[in-house]
Each structure stands twice: as C-alpha cells, then as structure tokens.
Amino acid sequence: MKIRITKEFSFEMAHALDGYDGLCCHIHGHSYQLSVTVTGEPFSDMSSPKLGMVMDFGDLKKIISTHIVQPYDHSFVIRKGTLPEIHEGIDNHLFDRLIEVDFQPTSENLLIYFASILQPLLPASVSLYALRLRETNTSYAEWFASDN
C-alpha cells in the first residue's frame, strides 16, 4: 500500500528575472514555502525502528535542509551572465550568498532544479511525488513526478 508524506519548509530568497518585462526584473525577495511530498510503502519489518513509516520525517528534513533550505535561505539568485555589476559587489562582500544558476530563477524553474537535486538523494524505498513552491500567499508552482 502506497502512502504519501509531506514536509514543509520556509526560507527567504531574493532574485531578479533578467530581461523580464515587469517589476520582477528588479532585485526583490520572497518568503518561500516549499512542500516536499514523497511516496512509498510503510516499513513492515517488525524489528525496524522505522516500522510503519514511509520515511522518517527527520531524515527527509535533513536532506531538504542541507541541499535546498540552507544554501538558498537569505541568498540572491540570478541567471549566470546577468547583472555583471553585481560582481563588483562580490569583491566587496556585499553578496556573500549569491547563487548563479543556468536558468531564469522563476518558481517553475527552481522546482525543476530542486527535483533534480532531491531525486537521487532519497532512499531507494521512496520516490519524489510532488513539490510545491509558494512564492506569495496567492501564488505557487507545482511539480509532479507523474507529469515528467
């Protein structure tokens, strides 16, 4: 029997969308909320301390915190090669938490990227089922394994 479990995370992140034709072309930030859902069968080994669990929430938290939340929290994310004047600020330590990515850092693209990071890190007994990245109270993007 398959069961889904979800763990939720919050982090603050700034970004700018290079070449965008609206306000998001400027540096701005969001209080992101990330929901990670995995699916699997609960452990049935009576001798296992994980009996009845699909995955220990603590283990899931450690993976997400280490590979997504800690690096991206309070960071500024831009597409590589954009905003060259930012690099002057790096020399002055104005942007110690600058992350350059190979894509436009939209919520949609961040989810695709996060899925590529997380899938190989999960135990073999579970699968990444869905991700939801809430950018504002009224706006979010979702990634589902079944769509990909």
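The values are calculated or read from the model by the stated rules, or taken from the named source; none is laboratory data. Model, not experiment: these values are computed from the prediction. Neighbour counts run over all protein chains shown; Cβ positions are idealised from the backbone, glycine included.
Summary table below
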read-out: Residue in the stretch 19-41 that is in a loop (DSSP other than H, G, I, E, B), acidic (D, E) and surrounded by 13 or more Cβ atoms within 10 Å (Cβ to Cβ) present; value: no
read-out: The stretch 100-109, subset part of a helix (DSSP H, G or I) and touching a residue at least 12 places away in the same chain (Cβ under 8 Å), residue surrounded by the most Cβ atoms within 10 Å (Cβ to Cβ); value: S107
read-out: Flag for G81 being modelled with pLDDT under 95 and assigned to a loop (DSSP other than H, G, I, E, B); value: yes
read-out: Tally of residues being polar (S, T, N, Q), under 26 Å from S44 (Cα atoms) and without any contact (Cβ under 8 Å) to a residue 24 or more places away in the chain across the stretch 110-145; value: 1
read-out: The stretch 1-18: number of residues that are over 17 Å from the mean Cα position of the chain (by Cα) and outside any loop (DSSP other than H, G, I, E, B); value: 2
